[in-house]
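The values are calculated or read from the model by the stated rules, or taken from the named source; none is laboratory data. Everything quoted here is computed from the prediction, not taken from an experiment. Cβ placement follows ideal geometry from the backbone for every residue including glycine, while neighbour counts extend to all protein chains displayed. The accessibility values were calculated without ligands, DNA or RNA, using every heavy atom of the protein model including side chains. Shrake-Rupley method; radii C 1.70, N 1.55, O 1.52, S 1.80 Å.
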Amino acid sequence: MKSISIVVPAYNAEKSIERCVRSVLNQDFNDFELIVVDDGSQDSTATIVQRLANKDARITLIRQENGGEMAARAAGIRLARGGGYTSLMLTML
């Protein structure tokens, strides 16, 4: 089990998602899983995340129909396997 799960809800975030994911991956602390929940994006958000996930086993992509930020966050938390969890907002980056 990982120490922490990091959940990132994403909707049409193709312009910022790669920077967000790389920022998390570049931390000194490595005992985490990163769960990106694509909330029905109409752009290349999921493709970008899947490409990154293919290179790093800590990344999990979840795709769902658009249900809003809270539904996306809840979906990620349900699948979290870490001892604790936190969530990032793309608007903060």
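Under a model in which nothing but the beta-carbon of Lys, Arg (+1) and Asp, Glu (-1) is charged, the chain shows a dipole of about 180 debye around its Cα centre.
For the chain, applying the loop criterion from DSSP together with a ceiling of 13 other beta carbons within 10 Å to the GluC sites (Glu not before Pro) yields GLU65. Taking all protein chains as they are arranged and a probe of 1.4 Å, the heavy atoms of THR47 leave approximately 100 Å² accessible to solvent.
To put it simply, the accessible area of the chain at a 1.4 Å probe is 50 percent carbon and sulfur. Accessible surface ranking for LYS55, LYS2, 1.4 angstrom probe, highest first: LYS55, LYS2. When you restrict to C-alpha pairs under 8 Å that are six or more residues apart and normalise by the size of the chain, the relative contact order lands at 45 percent.
The spread of Cα positions in the chain, taken along each principal axis and listed from longest to shortest, comes to 32, 24, 23 Å.
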